[in-house]
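Taking it in order: structure first as structure tokens, then the write-up.
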Amino acid sequence: MKLQNVLVVGSGGREFAIAKKLKQSAKVDRVYCAPGNAGMVSAGVEPVAIEELDFARLIQFAKDHQVAWTFVGPEDALVAGIVDEFQRAGLKIFGPQARAAQLEGSKEYALSFMNKYGVPTARHQTFETEEDALVHVADYGFPVVLKVDGLAGGKGVVIADDQAVATVTIKEMFQGQPGRLVLEECLVGPEYSMFVLIENGDYQILPLAQDHKRAYDGDKGPNTGGMGAYSPVPQLSDSDRKRMVNEVVEPSVRGLVAGDYHYHGILYIGLMLTKEGPKVIEYNVRLGDPETQVILPRLATDLFDLVDTCVNDRTLPEVVEKPDAVLGVVVAAKGYPQAPVTGQVLPAFPLTSGIDVAYANVAGKAGHLIGSGGRILMVTATDATIEAAQGQVYDYLDHLELADCQYRHDIGNKAHQ
């Protein structure tokens, strides 16, 4: 079999993990990542200086470099219609079309889909004006969940503990501009990340993970794009997992078929396991960051095979998980998410068995990297248990000089409470 070239679109830690996993496939020759980041060279990935929304240049690059297919990492490109554009150009691409991407692009659209197809979620209401939202916010009790309707990079959700915080947040979210705001009851229970690989009505579930959204230890501070994750989730019982599949995954996939979405890609389902059963917090239409960095190392199935069968409309191979546990801690810039410091000189990361580093917001060149944004990188460990992996990661981080950086010290604690 001729080795294949593949293209990954995006530049963060998620794309680093995707590109690295594809590079490990015996069926892959070259892995390109556009625009990629300076740290990807360490994984044998070739960054390409094309921005993720420059569809015309990406299409031309894929044609010029005999790319078998393109894997789209970030949501903004999907919502903007990259899949539709590539398909019009006769190219194979992994990800949902723009219409289906509205499941992430609009909270209101996603909630309407859930209501239509019987997917359990929180009680909710959408408001077009600041005034209406302020009048009705107390109807949901406190704490209340406030969500910007559109894309917000993982930071458009605020849990307001009282009327005063809710009032300030609503005013900030509208900021005098027309828009839409979703109010939701605050669900209570442990949260899980489920990633479903879908080829029309056929699907496979990737390893489950648990993310940590809040900036500081003890789930304190503002919401972020994610400060760490781990997989598997040993505290989740088999019966609860089956309920998630039967009550959430199945109706979601049936809805995509019934709605004629021709879905080929990942559907992320953010789940809360409440006393009443599993409920959906949100859909995303791609892999998550930082969960990707801990679930892909646990895949025994070749990622190339999974994607290749999906884009070519063949029956998906079974997803087989490795028994190992993987835990990762995000190293973010000091001041993240409100005002992240940039330009910090990063240390050399010593090669240590079981430890990997996934680079995200970095600049410079290999061996001389500097921080260039909020979440700079993620340190992951692979071991027999979550507890052992946790110990490995924090021991490794303790020995690094990380000036002007911050990270949480409790990633994975919920797995062994």
task: Can you give me the ranges of the strands (runs of 3 or more DSSP E) entirely in segment 291-373 with at least 2 residues that are closer than 30 Å to ASP217 by Cα and small (Gly, Ala, Ser)?
output: 325-333
- request: Among the residues of segment 24-49, count how many are farther than 28 Å from THR309 by Cβ and either assigned to a helix (DSSP H, G or I) or more than 19 Å from the chain's Cα centre (by Cα) (or both).
  value: 5
- line: The condition of being modelled with pLDDT of 95 or more, surrounded by fewer than 21 Cβ atoms within 10 Å (Cβ to Cβ), assigned by TED's automatic domain parsing to the domain that holds ILE205 and farther than 20 Å from GLU191 by Cβ holds, among GLY265, GLY259, GLY270, only for GLY259
Test set (1) surrounded by fewer than 16 Cβ atoms within 10 Å (Cβ to Cβ); (2) touching a Leu at 6+ places or on another chain (Cβ under 8 Å); (3) touching a residue at least 24 places away in the same chain (Cβ under 8 Å) - VAL320 fails condition number: (3)
- request: Output the number of the condition that VAL8 fails; it satisfies all remaining conditions of (1) within 21 Å of the chain's Cα centre (by Cα); (2) among the hydrophobic types (A, V, I, L, M, F, W, C); (3) surrounded by fewer than 24 Cβ atoms within 10 Å (Cβ to Cβ); (4) assigned to a strand (DSSP E or B).
  value: (3)
message: All but one of (1) in contact with a strand residue (DSSP E or B) (Cβ under 7 Å, 6 or more places away or on another chain); (2) outside the structural domain of ARG408 (by TED's automatic domain parsing); (3) surrounded by fewer than 19 Cβ atoms within 10 Å (Cβ to Cβ) hold for VAL345; state the number of the condition that does not hold.
response: (2)
statement: Taking segment 11-23 and the residues there that are assigned to a helix (DSSP H, G or I) and of a type outside the set (D, E, K, R), the one that is farthest from ASP356 (Cα to Cα) would be LEU22
task: With a cut-off of at least 1 residues that are acidic (Asp, Glu), name the strands (runs of 3 or more DSSP E) lying wholly within segment 137-222.
output: 181-185, 191-199, 202-205
- prompt: Taking ILE205 and the conditions (1) touching a Phe, Trp or Tyr at 6+ places or on another chain (Cβ under 6 Å); (2) within 30 Å of THR301 (Cα to Cα), which numbered condition does it fall short on, given that it satisfies the others?
  reply: (1)
message: Consider segment 87-112. How many of its residues are in a helix (DSSP H, G or I), within 19 Å of the chain's Cα centre (by Cα) and of a type in the set (S, T, N, Q)?
response: 1
message: Can you tell me how many residues within segment 234-261 are within 22 Å of the chain's Cα centre (by Cα), more than 18 Å from PHE113 (Cβ to Cβ) and among the small types (Gly, Ala, Ser)?
response: 0
- request: Within segment 213-234, track down each residue that is surrounded by 15 or more Cβ atoms within 10 Å (Cβ to Cβ) and either touching a helix residue (DSSP H, G or I) at 6+ places or on another chain (Cβ under 7 Å) or aliphatic (A, V, I, L, M) (or both).
  value: ALA215, MET227, ALA229, TYR230, SER231, VAL233
query: Would it be correct to say that GLN66 is free of Cβ contacts under 8 Å to residues at least 12 places away in the same chain, outside the structural domain of LEU151 (by TED's automatic domain parsing) and surrounded by fewer than 24 Cβ atoms within 10 Å (Cβ to Cβ)?
result: no
- request: Out of ALA366, ALA381, ALA360, report the one residue that is of a type in the set (Gly, Ala, Ser), at negative phi and exposed (fewer than 14 other Cβ atoms within 10 Å of the Cβ).
  value: ALA366
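The values are calculated or read from the model by the stated rules, or taken from the named source; none is laboratory data. These numbers come from a predicted model, not from an experiment. In this analysis, Cβ positions are derived from the backbone assuming ideal geometry, glycine residues included, and neighbour counts consider all displayed protein chains.
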